[in-house]
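The values are calculated or read from the model by the stated rules, or taken from the named source; none is laboratory data. In this text the structure is predicted, and so the values were computed from the model without any measurement. Methodologically, a virtual Cβ is constructed for each residue, glycine included, from the backbone with ideal geometry; neighbour enumeration extends over all protein chains shown. Just the protein is used for accessible areas: all its heavy atoms, side chains included, with ligands, DNA and RNA removed. Shrake-Rupley method; radii C 1.70, N 1.55, O 1.52, S 1.80 Å.
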Amino acid sequence: MNKNISALYEIAQKETRKIIGLMSGTSLDGLDIALCAISGAGENTAVKILEFETINYTEDIKTEIRKVFAKKTIDFQHLALLNEWIAILHSGMVNDCLQKWNIPANEVDLIASHGQTVLHAPKFLHQQEKFPNATLQIGDGDHIAVKTGIITLSDFRQKHVAAGGEGAPLAVYGDYLLFSKKGENRIMLNMGGIANFTYLPASLNASEVFVTDTGTANTLIDIYTKHYFPEKSYDKDAQISQSGTVNLELLSELKKDPFFRKSFPKTIGQELFNFEFVQNALLKTGLSTISAPDLLATLTRLSAETISEAIGFVIKNTGIPIAEFTVYMSGGGANNPLLVRWLKELLACDFQKSDDLGIAGDAKEAVLFAVLANETVAGGDYNFGSKKGIPSVTMGKISFPD
């Protein structure tokens, strides 16, 4: 037997596996690195975060990624170079963390790398009949495995697409395995660049689980904060938006986009929700002179209303009173006091943070990819039924160090 296959077999037999989860989102903030001790698999999965750190991207890294990010026309050579470069950067960040944590690489069983999304193109968005759903994450897994000396799982979203999904949201798998609780109806709401949520039924029945993107969370707010205030990357504590007034005419125009009327489940990214999306709405409403605080307040309200409407629709279809649901928030949006206040006003649910469930919100997505890797190697025994958007598959391509 090949020594790498033998090593993978031994890892699968372990009672507890040390897995590093890597996540870099569409906000391009940086790389989240979570070293996890994971025991069991499936519904018996237990996770302990041993170490966690976020390595911020430099402006140079962000600039290089933005040359291809969510663009239809790019320099193809630059994309190819970036695929290797991002992997080398991520490998170096992992190696630096291991050194800082005083943990030898040979004590880590696996790396689970989400990669850097550069394009998300579900069929409803690209509208080319002969082509399927598509998504692309770069940061080659082979490079990570070779540079760290650790077996690496990567490119998770492709299997999801191959099995009939849109490649997102993948949080549903980890949400179900880690956070389901008998007798409690839970909504796991993640508000990163894009907002998505998972419905976890009190019955624990996997076939009743539901997941979808809702639209923009922080993406438009961040884009326009940086546009008006180049020294700021986001509206910290909603300081700017809280001083503004929601423009109802603009809000109405933004919500007319067909995406918000598309049936659930659905996924999206900055391919739709970008600078031009808002500019087009401003042009149609003749509001080119709107103030920065008023625009940011309106964009924050857009996020709040579209998130709450999507959650409300799904809850209504369960036939369960909304007061019997608890919403657990994670992602940068959970730290936006204005967004959170409006969500609480719009949804008569109990609101908590995912931190209250033992997984820090900032680390949650990196941890979820570690869980996906664990399932691919040691689990995979779950069934989400035939519900659209949640194929019952294990994910991740495996790369060996040598």
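So the values come out like this:
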{"read-out": "Matching residues in region 89-139 - criterion: being of a type in the set (Phe, Trp, Tyr) and free of Cβ contacts under 8 Å to residues at least 60 places away in the same chain", "value": "PHE131"}
{"read-out": "Filter result for VAL393 (β-branched (Val, Ile, Thr), open to solvent by less than 40 Å² (accessible area, probe 1.4 Å) and not in a helix (DSSP H, G or I))", "value": "yes"}
{"read-out": "Some residue of region 197-211 being in contact with a Pro (Cβ under 6 Å, 6 or more places away or on another chain), farther than 14 Å from ASN336 by Cβ and of a type outside the set (Ser, Thr, Tyr)", "value": "yes"}
{"read-out": "Within region 322-345, tally of residues that are open to solvent by less than 70 Å² (accessible area, probe 1.4 Å) and within 16 Å of ILE187 (Cα to Cα)", "value": "12"}
{"read-out": "Leading residue by the ranking (modelled with the lowest pLDDT) among those in region 359-402 that are within 21 Å of GLN137 (Cα to Cα) and charged (D, E, K, R)", "value": "ASP362"}
{"read-out": "Residues of region 50-79 satisfying the condition of being in a helix (DSSP H, G or I) and surrounded by 13 or more Cβ atoms within 10 Å (Cβ to Cβ)", "value": "ILE61, LYS62, GLU64, ILE65, HIS78, LEU79"}
{"read-out": "Checking ASP237 against (1) closer than 29 Å to PHE124 by Cβ; (2) part of a helix (DSSP H, G or I); (3) of a type outside the set (S, T, N, Q), the condition it does not meet", "value": "(1)"}
